[in-house]
Amino acid sequence: MTERLYRWTKQRLRQQLAVVKGEKAPSLVLQNANYLNFARRKWLKANIWIAGDRIVYVGNDMPTNVTDTEIVDCNNKLVVPGYIEHHAHPFQLYNPHSFAKYASGRGTTTLINDNMMFFLHLEKKKALTLIEALDELPASMYWWSRYDPQTELRDEEPLSNSKMKEWLEHPLVLQGGELTSWPKVLEGDDSTLHLMQETTRLRKPIEGHLPGASERTLAQMALLGVTCDHEAMTGEEAVRRLDLGYTTSLRHSSIRPDLPKLLKEMQELGVDYFDRCLMTTDGSPPSFYEDGVMDSLIKIALESGLDPVDAYAMASYNVAKYYNMDHKLGMIAPGRIAHLNILEDVNNPLPSSVIAKGKWVVRDGEQLDEFGEFPWEDHGINPYTIDWDLTEEDLSFSMAMGLEMINSVILKPYQIPIESTDKVLSTSHDESFFVMIDKYGKWHIATMIKGFATHVSGFASSFSNTGDVILIGKNVSDMVVAFNALKEQGGGMTLVEEGNVIGNIQLELFGTLSTKSMEGVMEDEKKFVALLRERGYKFEDPIYSLSFFSSTHLPYIRVTQRGIYDVKKKTVLFPAIMR
């Protein structure tokens, strides 16, 4: 049952009451469960009754009516609430369905997701219908509502005030943010401030995006309504947020694997109270999750010396409490959605069995297929198509300023020192041709990029913040071949050498998401990234690089639909050219 105005109808509530009264049988009972009770911060012994998707009783009694009830003896087992990833970006090659299935298999049964992809690419009614359909899955799927597109768009239509308000008001949307455009708000952007006020009026929190923020900046953002931030990169920065009343999310991602350091430094600074701390993997690429989702972060917290109650709370109860959802999530108590993890050992948070919305999704180590296939086309998400052509003659490189990669995600301007009228560049340096083309073929930006690779001949990608096409390479001919291969396969990434495709990832949904399982897309990513590294890509994560080329919340310049954009000056330095 999806989360509409009420999760449970009056009829369903009466049926649940009847179970507790003994008039109806529960569907499942976990007998002799040693469970983690967050109200008392203790492990207690009890029998847990489940009726459908809800916990209806936790206590000493066993039901008298057990007709068709499954009774499982949990003696010598530990039971904890299902884990919650509160800051998911379920669009990093994988899709929300495949990520939820994989995450649930490792005990993360609730996801609070970025709405950016659906917000930008789908009409409002279709998008909101889609998130309701996703919440029919065994995992609980909630969302945040963005205030800005995190880039400069040619068409501002996606940002209509009515559309944004309808997202904010939806029952499945738990917060506003993440607020990447906070400098604009501080400088007088009242339209975003109004949406922030609406979020607060709706009693929903606001997630910041405040890397390197000073004490005064944090104070100002708190005044404007920001309640949590996940951008602390040191223990001192995390403590600064706690001192100013923020709930602080501790990040551990592919480009910021900071959790061990954060916990060590926080403890050295005297932190021994973690009730206002959460944890997140911050939407990492697929292969990062081979070691787990929130289970892997709980393990790091345990290895860092935290009390197990705190370690598990930061991925369950603390999250539910922060989002004002602890009456439904994050606790093992009557009235909560039946998300439960059964553990063999307190120090191993990877569950041997997982119950999501009252259904077994993992039973004694075996994953069951309760997720099925998701009908994307029913929700207006059709295969990615390119219906225009590109030739070598379409590409010319005469711009004096290029892009220099400082790391995976930071771009600086640089003066192009080499002759770019040739169609082939030397592999003795790390400068390459760079093109961004409108997904409809209407405009393009052609320049050069320094630092991406030394030996990538032709690379094409529809994986980008906006779904526009990126071409990179040393050889214009191979770049066009890569584009044609991308067009033929229906979106994704292609890599070409000497006119031949040597690697690819197919991304059928929006040109950015795979329909494969997480395990399948992990293998695709690892093979493709290995090919890029062999050809000179040297930073932490090329998937993040592609995703953030257009993202104007990062310094110093970005390639957007409007052109090359100076983030600090908020001006277009070189406009996109109509084709």
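The values are calculated or read from the model by the stated rules, or taken from the named source; none is laboratory data. Just so you know, these numbers come straight off a predicted model, no measurement behind them. Positions of Cβ are backbone-derived with ideal geometry, glycine not excepted, and every protein chain shown enters the neighbour counts. Side chains are part of the model used for accessible areas, which takes the heavy atoms of the whole protein and leaves out ligands, DNA and RNA. Shrake-Rupley method; radii C 1.70, N 1.55, O 1.52, S 1.80 Å.
Restricting to segment 508-546, give me the number of residues that are touching a residue at least 60 places away in the same chain (Cβ under 8 Å), of a type in the set (Gly, Ala, Ser) and touching a Gly at 6+ places or on another chain (Cβ under 9 Å).
2
Based on what the data block shows, is Thr454 hydroxyl-bearing (Ser, Thr, Tyr), surrounded by fewer than 21 Cβ atoms within 10 Å (Cβ to Cβ), modelled with pLDDT under 95 and closer than 29 Å to Phe539 by Cα?
no
Output the residues belonging to segment 397-406 that are surrounded by fewer than 16 Cβ atoms within 10 Å (Cβ to Cβ) and either modelled with pLDDT under 95 or within 24 Å of Met578 (Cα to Cα) (or both). Steps first, answer last, please.
Quick first cut of segment 397-406, residues surrounded by fewer than 16 Cβ atoms within 10 Å (Cβ to Cβ) only: 398, 400-401, 406.
Result: Ser398, Ala400, Met401.
For segment 205-232, which residues satisfy the criterion of being aliphatic (A, V, I, L, M) and either touching a helix residue (DSSP H, G or I) at 6+ places or on another chain (Cβ under 8 Å) or within 22 Å of Leu263 (Cβ to Cβ) (or both)?
Of everything in segment 205-232, those that are aliphatic (A, V, I, L, M) and either touching a helix residue (DSSP H, G or I) at 6+ places or on another chain (Cβ under 8 Å) or within 22 Å of Leu263 (Cβ to Cβ) (or both) turn out to be Ile206, Leu210, Ala213, Leu218, Met221, Leu224, Val226, Ala232.
Would you mind stating whether Met164 is buried (at least 17 other Cβ atoms within 10 Å of the Cβ) and modelled with pLDDT under 95?
Yes; evaluated as a whole, the condition is true for this residue.
Report whether or not Ile472 is over 22 Å from Tyr94 (Cα atoms), hydrophobic (A, V, I, L, M, F, W, C), in contact with a Phe, Trp or Tyr (Cβ under 7 Å, 6 or more places away or on another chain) and open to solvent by 30 Å² or more (accessible area, probe 1.4 Å).
Working: over 22 Å from Tyr94 (Cα atoms): yes; hydrophobic (A, V, I, L, M, F, W, C): yes; in contact with a Phe, Trp or Tyr (Cβ under 7 Å, 6 or more places away or on another chain): yes; open to solvent by 30 Å² or more (accessible area, probe 1.4 Å): no.
For Ile472, the condition - over 22 Å from Tyr94 (Cα atoms), hydrophobic (A, V, I, L, M, F, W, C), in contact with a Phe, Trp or Tyr (Cβ under 7 Å, 6 or more places away or on another chain) and open to solvent by 30 Å² or more (accessible area, probe 1.4 Å) - is not met.
Please give the number of the condition His379 fails out of (1) touching a helix residue (DSSP H, G or I) at 6+ places or on another chain (Cβ under 7 Å); (2) more than 30 Å from Ser284 (Cα to Cα).
Unmet condition: (2).
Answer yes or no: is there a residue in segment 78-88 that is open to solvent by 10 Å² or more (accessible area, probe 1.4 Å) and part of a loop (DSSP other than H, G, I, E, B). Spell out how you get there, then give the answer.
Going through segment 78-88, the residues open to solvent by 10 Å² or more (accessible area, probe 1.4 Å) turn out to be 78.
Retained after the next criterion (residues that are part of a loop (DSSP other than H, G, I, E, B)): none.
No, there is no match, as no residue in segment 78-88 is open to solvent by 10 Å² or more (accessible area, probe 1.4 Å) and part of a loop (DSSP other than H, G, I, E, B).
In segment 497-579, which strands (runs of 3 or more DSSP E) lie fully inside it and hold 3 or more residues that are among the polar types (S, T, N, Q) and either surrounded by fewer than 19 Cβ atoms within 10 Å (Cβ to Cβ) or at negative phi (or both)?
500-506
For the structure I just gave you, tell me whether Asp364 is of a type in the set (D, E, K, R) and either in contact with a Leu (Cβ under 8 Å, 6 or more places away or on another chain) or crowded, with 18+ Cβ neighbours inside 10 Å (or both).
On the way: of a type in the set (D, E, K, R): yes; either in contact with a Leu (Cβ under 8 Å, 6 or more places away or on another chain) or crowded, with 18+ Cβ neighbours inside 10 Å (or both): no.
Taking the combined requirement at face value, the residue does not satisfy it.
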